[in-house]
Each structure stands twice: as C-alpha cells, then as structure tokens.
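A.B. asks: Sharing a structure, written as structure tokens. Questions coming.
The values are calculated or read from the model by the stated rules, or taken from the named source; none is laboratory data. Since we're looking at a predicted model, the values are computed, not measured. Here Cβ is always computed from backbone atoms with ideal geometry, including for glycine, and neighbour counts include all displayed protein chains.
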Amino acid sequence: MSTQTEPTLVTQIDFARAGQITPQMKEVAEREHRDPEYIRERVADGRIAIPANIVHIKKGMRAFGVGEGLSTKVNVNLGISGDKADAAEEWKKVKIAEDFGADAIMDLSNSGKTRQFRQQLIDETPLMVGTVPMYDAIGYMEKPLVKLTKDDLFEVVRAHAEDGVDFMTIHCGINKSVTKTFKETGRLMNIVSRGGSLLFGWMEVTGNENPFYEYFDELLEICHEYDVTISLGDSCRPGCLYDSNDATETAEMIELGKLCKRAWAAGVQVMVEGPGHMALDEIAANMKLQKRLCHNAPFYVLGPLVTDIGVGYDHITAAIGGAISASSGADFLCYVTPAEHLCLPNAQDVLDGLMATKIAAHAADIAKKVPHARDMDDKMGQARRKLDWDAMWKCALDPVTGKKRYEESPAATEGTCTMCGKMCAVRTVNKVFEGTTIDLGMED
Ligand code: SF4
C-alpha cells in the first residue's frame, strides 16, 4: 500500500491536469459555445487561463476564459490616484464597466484606502479583478521605494491574493540581463511601464536582482494557494513606434517565456502582457513571436497604439491596433481611453475607451471565427432591413447612446432617420419589393 499522499488540487490548472472539469470550466464552455473538454485540455497546457481566485469564487464571481479559441476579453483600468482621489468617481467607472460589457476591472489604486476599495470591489463585482501590487507597495508599506525589501513586496502580493484578486500584473521578467540589454542598446522612450520603471529604479539603486525574478518560486507558492493568475508584466513594452520590436522588448519576452513554463510546472496559471506602441505592419509578427516564445500562453495587450500622435484620440489609435492584434492572436485587450498620456480618465472617457476596445475585440472575434461571434451582426442586418429600431437597440454594443442620438433628431418620415429622410434607401427598396408606391416626387 502506497504511503504517498495525493497532491492537493487548488488551481484550475491543477484540476485540468488531473482530468477534472471544474464548474468554472463548464461556465466558460457554456458562454463560449465550446465543449467543456475543449476548455479543460487548454487550461491543462496553459493555452487558456481562467483567472478566478478561490476567494472571489466564493463571493459569486463569473468565470471568464482567456485564450485560444475564445472570445477576446476586455479590461477597464480604474482606481484611486494620489493626484485625484475621488472614490465616488471610481465607483461610477465600475458601474460603466459592468453595464457596458467589460470582462475585467484592473484596480490600479495607488493612494489612500486602497485595501478598502479593493475588498469592496471584489465583494461587489462579478467581473475578473486584476491589480498591480507594485503600484500599491509604497502606500501599503508606508516606505519610500528604495527602502522596500523583498519581504515587503511579497507581503503586498499576499495581501492582494488574500483579498481575492484574480490576476496580478507582476513584472518578473525585467532581470539584470534584460536591463543590461536595455542600457547597452538604448531606446528613445526608455521604460514606460509604471511598475517596470519602479522595479528598474529599485534594482539600480539597491544593486539587487529583481526580487520577483530571483524569488519567482516563492511568488508561485502564494499564487498557487489562492489560484491567482500571474499576468507577466512587460516592463519594456515600447512607449513609441521607434522602440517597438527592439532588442530590449524581445529580451524581456524571452525571459517571460521561460517563466511561463516554471509557473505552469508549479500549477499556476499565466498570461503574458504585451505592447504598447507599434506600427500597424509589425503587429501580426509581434503576436506570433509572443505566442512562439511564450509557448501559446494567453496574450494580454495594451493597444497597441498604431501612431504616437493621436493625442486626445488614443482610444481610436489603440482600437485600430487592438483589432489587428486580437485578430492575429492576442486574447485580452486592455482598454485605452481618450485621456491616455494626458490625465486620469473621467467616467465619459471610460465609456468611450471601453466601447472602442469592445468594437476592436468584437471585430477581431468575427475575423477569428469565434463561435457565434457574428450572430448579433446578422440580427442587426435583419433589423435594419426592416427599419425595426427597437430590434436594432437590442443588437447594439451600446444601445443607450444609439437610442439617445436617434431620438434627439426625430425623422419626419416614419421609420427612417434624419440622415436621408424620405430618400431612405432601405425604405425605397422595401417599397419596391412590397409593390407599394414610391412617394418620391420633385417636392422631395
Ligand atoms: S434614412 Fe438613411 S441612414 Fe437612416 S435608416 Fe434610412 S438609409 Fe439608413
């Protein structure tokens, strides 16, 4: 008789490898029109992540799958900022994220009562919740950056895990080898990732290796205990077109690929983060290279912004890049708002950024042939052909804005809108096929 004890199954990847389909895998399968076994297989080998902290599951969160063959997920960033601390405004943004179809909320709070805000968010939202513990570390430990120790940083990660955070951006890949490449080869915009720049500063001042890299196994133990998905942060993502696909970005991506394998071996789910700013013609190759170097781990992308000069309209420059990146393999898009590079977004910016990103994700899903992705578009076509406006609102990604604009400008001719009025092409052709009078005379 064997005296060996069976390993405890905690994470989605643990269960998947043991051949077990969890309720979360079933939920993802149902929503994505996939067989539960399709999901289990891909969770087992890391191609799909289901970021769902065991604490958040107990509070009733919905399960979302991120990865191969699934619909592209969309994240909204918000959180209390030191320069503009207004919790009520941040709760408005949470409501917009939930009402307008975000899949995840990243709480990037970095000042004041971050833990209270985070815990309440996890209590109340059914969406995936992500954080960047490095943003919170200085406030949480009440110490300046360079006085923070490895134990301090890990204590913050543990606090976020205990609170129920589903995925954490941790910049594990920026090690001494990557910073050497960065310093030797140079860049126009240096390091533009907030967490990455803090770690780079910490490493340069203390002379130590990145603790999240050096003690990666310890980090994995915390993540495993709560089933926190590690979102491997790309500290060296390009901050301008000039830096994209350079030696520094690629050197870090190679490190991230190695860390993916170590995380999976420890039963921890992983996503990998990506650019940034990138010219349109470079995006598809970057997505393919990431999938290759990171062993098909789900790719979580910010933009990429396809030009550096769209200031004030960066939700559009990012959505163009987002559609290309998602149709070329990215699995998860972080929204970008019109306030990007300018200021903390307000509630309207959040809505505009979310809708631009949702459109990019949806357009990519149609191109990727995600099951049933086009159903609503085909229903919209039918509703438009019948000039059935109520049916159109039911198909729209943002029915509120569409209906409001339509009603602000009442049409004189029934069924049409003020764009063409009586010369409505749909109405004219419907009348031809119905055999009814086409009432268009000289007076029209
Ligand atoms: S009036 Fe013009 S824009 Fe409006 S529904 Fe008819 S064809 Fe479309």
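A.B. asks: Take Ala339 and tell me if it is surrounded by fewer than 17 Cβ atoms within 10 Å (Cβ to Cβ) and either more than 16 Å from the ligand (Cβ to nearest atom) or free of Cβ contacts under 8 Å to residues at least 24 places away in the same chain (or both).
C.D. replies: On the way: surrounded by fewer than 17 Cβ atoms within 10 Å (Cβ to Cβ): no; either more than 16 Å from the ligand (Cβ to nearest atom) or free of Cβ contacts under 8 Å to residues at least 24 places away in the same chain (or both): yes.
Answer is no for this residue.
A.B. asks: Only one of these conditions is not met by Ala330: (1) under 30 Å from Ala87 (Cα atoms); (2) aliphatic (A, V, I, L, M); (3) surrounded by 19 or more Cβ atoms within 10 Å (Cβ to Cβ). Which number is it?
C.D. replies: Of everything listed in (1) under 30 Å from Ala87 (Cα atoms); (2) aliphatic (A, V, I, L, M); (3) surrounded by 19 or more Cβ atoms within 10 Å (Cβ to Cβ), Ala330 misses just condition (1).
A.B. asks: Let me ask something else about it. Which pairs do you get when a residue that is in contact (Cβ under 8 Å) with a residue 24 or more places away in the chain, found in region 382-405, comes within reach of a residue that is within 14 Å of the ligand (Cβ to nearest atom) and in a loop (DSSP other than H, G, I, E, B), reach meaning Cβ atoms under 6 angstrom, with the pair 6+ apart or on two chains?
C.D. replies: Close Cβ pairs satisfying both conditions: Leu387/Gly415.
A.B. asks: Based on what the data block shows, is Gly435 modelled with pLDDT under 95, within 16 Å of the ligand (Cβ to nearest atom) and at positive phi?
C.D. replies: On the way: modelled with pLDDT under 95: yes; within 16 Å of the ligand (Cβ to nearest atom): no; at positive phi: yes.
In short, no.
Results for (1) of a type in the set (D, E, K, R); (2) closer than 19 Å to Phe167 by Cβ; (3) buried (at least 24 other Cβ atoms within 10 Å of the Cβ), shown as yes or no for each residue.
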position: Met278; (1), (2), (3): no, no, yes
position: Asp281; (1), (2), (3): yes, no, no
position: Asn286; (1), (2), (3): no, no, yes
position: Cys294; (1), (2), (3): no, yes, yes
position: Val301; (1), (2), (3): no, yes, yes
position: Pro304; (1), (2), (3): no, no, yes
position: Ile309; (1), (2), (3): no, no, no
position: Gly312; (1), (2), (3): no, no, no
position: Ala318; (1), (2), (3): no, no, yes
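A.B. asks: Restricting the search to region 231-255, which residues are among the hydroxyl-bearing types (Ser, Thr, Tyr) and either in contact with a helix residue (DSSP H, G or I) (Cβ under 9 Å, 6 or more places away or on another chain) or surrounded by fewer than 20 Cβ atoms within 10 Å (Cβ to Cβ) (or both)? Walk me through it before giving the result.
C.D. replies: As a first pass, look at region 231-255 and keep what is among the hydroxyl-bearing types (Ser, Thr, Tyr): 231, 235, 242, 244, 248, 250.
Listed by number, the residues that qualify are Ser235, Tyr242, Ser244, Thr248, Thr250.
A.B. asks: Being modelled with pLDDT of 95 or more and farther than 15 Å from Glu124 by Cβ narrows it down to one residue among Ile105, Ile21; which is it?
C.D. replies: Ile21
A.B. asks: Sticking with this one: Test each condition in (1) more than 9 Å from the ligand (Cβ to nearest atom); (2) over 25 Å from Gly321 (Cα atoms); (3) surrounded by 13 or more Cβ atoms within 10 Å (Cβ to Cβ); (4) free of Cβ contacts under 8 Å to residues at least 24 places away in the same chain for Asn430 and report the one that comes out false.
C.D. replies: All conditions pass for Asn430, except number (4).
A.B. asks: Filter region 361-391 down to the residues that are among the aliphatic types (A, V, I, L, M) and either within 16 Å of the ligand (Cβ to nearest atom) or in contact with a strand residue (DSSP E or B) (Cβ under 6 Å, 6 or more places away or on another chain) (or both) and list them by number.
C.D. replies: Initial filter on region 361-391 (among the aliphatic types (A, V, I, L, M)): 361, 363-364, 366-367, 370, 373, 376, 380, 383, 387, 391.
Passing the criteria: Ala361, Met380, Ala383, Leu387, Ala391.
A.B. asks: Only residues that are touching a Lys or Arg at 6+ places or on another chain (Cβ under 9 Å) and surrounded by 21 or more Cβ atoms within 10 Å (Cβ to Cβ): list them for region 84-107, please.
C.D. replies: Answer for region 84-107, where residues must be touching a Lys or Arg at 6+ places or on another chain (Cβ under 9 Å) and surrounded by 21 or more Cβ atoms within 10 Å (Cβ to Cβ): Ala102, Asp103, Ala104, Ile105, Asp107.
A.B. asks: If only one of Ala367, Ala356 is touching a helix residue (DSSP H, G or I) at 6+ places or on another chain (Cβ under 8 Å), buried (at least 20 other Cβ atoms within 10 Å of the Cβ) and not polar (S, T, N, Q), which one is it? Reasoning before the result, please.
C.D. replies: On the way: Ala367 fails: buried (at least 20 other Cβ atoms within 10 Å of the Cβ).
Just one listed residue meets the conditions, Ala356.
A.B. asks: Another question, if that's okay. For Glu249, are the conditions met, namely being under 25 Å from Leu108 (Cβ atoms) and in a helix (DSSP H, G or I)? So that I can check it myself, show each step before the final result.
C.D. replies: Working: under 25 Å from Leu108 (Cβ atoms): yes; in a helix (DSSP H, G or I): yes.
Criteria met by Glu249.
A.B. asks: Follow-up question, since we're still on this one. Filter region 173-218 for residues that are closer than 15 Å to Leu148 by Cβ and in contact with a strand residue (DSSP E or B) (Cβ under 8 Å, 6 or more places away or on another chain) and give the result.
C.D. replies: Gly195, Phe212
A.B. asks: Go through region 392-411 and give me each residue that's within 34 Å of the chain's Cα centre (by Cα), within 13 Å of the ligand (Cβ to nearest atom) and surrounded by 15 or more Cβ atoms within 10 Å (Cβ to Cβ). So that I can check it myself, show each step before the final result.
C.D. replies: Applying the first criterion (within 34 Å of the chain's Cα centre (by Cα)) to region 392-411 yields 392-408.
Pick out the ones that are also within 13 Å of the ligand (Cβ to nearest atom) and you get 392, 402, 405-406.
Hits for region 392-411 are Met392, Gly402, Tyr406.
Residues are listed down the side, and each one gets a yes or a no for (1) part of a strand (DSSP E or B); (2) closer than 27 Å to Gly196 by Cβ; (3) not aliphatic (A, V, I, L, M):
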{"residue": "Ala97", "(1), (2), (3)": "no, yes, no"}
{"residue": "Ala102", "(1), (2), (3)": "no, yes, no"}
{"residue": "Gly112", "(1), (2), (3)": "no, yes, yes"}
{"residue": "Phe117", "(1), (2), (3)": "no, yes, yes"}
{"residue": "Leu121", "(1), (2), (3)": "no, yes, no"}
{"residue": "Pro126", "(1), (2), (3)": "no, no, yes"}
{"residue": "Val129", "(1), (2), (3)": "yes, yes, no"}
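A.B. asks: Can you tell me which residues in region 412-426 are closer than 17 Å to Asp390 by Cβ and within 7 Å of the ligand (Cβ to nearest atom)?
C.D. replies: Residues of region 412-426 that are closer than 17 Å to Asp390 by Cβ, as a first pass: 414-417, 426.
If the condition is that a residue be closer than 17 Å to Asp390 by Cβ and within 7 Å of the ligand (Cβ to nearest atom), then Thr416, Cys417, Val426 are the ones that fit.
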